[in-house]
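Visitor: One structure, as structure tokens, below. Some questions next.
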Amino acid sequence: AQSVAQPEDQVNVAEGNPLTVKCTYSVSGNPYLFWYVQYPNRGLQFLLKYITGDNLVKGSYGFEAEFNKSQTSFHLKKPSALVSDSALYFCAVRTGSYQLTFGKGTKLSVIP
Amino acid sequence: NAGVTQTPKFQVLKTGQSMTLQCAQDMNHEYMSWYRQDPGMGLRLIHYSVGAGITDQGEVPNGYNVSRSTTEDFPLRLLSAAPSQTSVYFCASKGGRGNTEAFFGQGTRLTVV
């Protein structure tokens, strides 16, 4: 079965430091991978996606993600964290023609 | 630019009551879906639809019904609410297969007492 895993329930980082939120995947064939962010009491918002091509994908709000086929990973990164980045982050993988399967989420806290 | 609209935002039900969660999208998307979000469990797919008149079950369909009479609307019905259905429900729509992103509504927080 196709799936993603987010190994960390919570990540704490100081404001201004680089941040990484981890995601690993298990798929047969080529993976379509996504990152979403959820701010408190809001729906999920799309950040970025990997379909094919460059392994470094740039997305919204200064976020980027690195696709690593050998390590089956798709980690979300940002060079300098902001307090406003504090939110719940979800990795997702395409598991059907339309369907997405989500990881359990990682809570990011950026400390002033 | 409304996107995906869910109503109501909050709802409290008594065990055994029925209700319908509404979802509408104005992007002419063919694919719509319902998820539930529970702490520590991420989002789990309840039902989905790939077009008007077509619906299918997701990972956790029991206790829920859906229909898709129009492209725009995809209501989720709770037939007889149970405390285990206390959750936050999200509707999402998607414009195409595979490589397109999904757009989410703001969510409905449902409590069953």
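Visitor: Going through segment B:4-50 one residue at a time, which ones are over 21 Å from B:THR100 (Cβ atoms) and hydroxyl-bearing (Ser, Thr, Tyr)?
Guide: B:THR7, B:THR15, B:SER18, B:THR20
Visitor: Right, something else. Only one residue in B:GLY95, B:GLY51, B:GLY63 is among the small types (Gly, Ala, Ser) and closer than 27 Å to A:TYR39 by Cβ. Which one?
Guide: Details: B:GLY51 fails: closer than 27 Å to A:TYR39 by Cβ; B:GLY63 fails: closer than 27 Å to A:TYR39 by Cβ.
Criteria check complete, one pass: B:GLY95.
Visitor: Need at least 1 residues that are closer than 18 Å to A:GLY43 by Cα, open to solvent by 50 Å² or more (accessible area, probe 1.4 Å) and at the interface with another protein chain (Cβ under 9 Å from one of its Cβ atoms) per element, so show me which strands (runs of 3 or more DSSP E) inside segment B:1-109 make the cut, counting only ones lying wholly within it.
Guide: Working: elements: B:4-7, B:10-13, B:19-25, B:31-38, B:42-51, B:54-57, B:64-66, B:76-78, B:87-94, B:102-104.
It comes to B:102-104.
Visitor: Same structure, new question: For B:TYR89, which of the numbered conditions (1) within 27 Å of A:ASP9 (Cβ to Cβ); (2) free of Cβ contacts under 8 Å to residues at least 12 places away in the same chain fails to hold?
Guide: The number of the failed condition is (2).
Visitor: Here's a follow-up. Can you name the residue in segment A:1-36 that is among the aliphatic types (A, V, I, L, M) and more than 11 Å from every other protein chain (Cβ to nearest Cβ) and, of all such residues, is nearest to A:THR95 (Cα to Cα)?
Guide: Per the stated criteria, the residue is A:VAL27.
The values are calculated or read from the model by the stated rules, or taken from the named source; none is laboratory data. On a predicted model such as this, the values are computed, not experimentally measured, just so you know. Because the Cβ atoms are built from the backbone with ideal geometry, glycine has one as well, and the counts that use them run over all protein chains shown. The accessibility values were calculated without ligands, DNA or RNA, using every heavy atom of the protein model including side chains. Shrake-Rupley method; radii C 1.70, N 1.55, O 1.52, S 1.80 Å.
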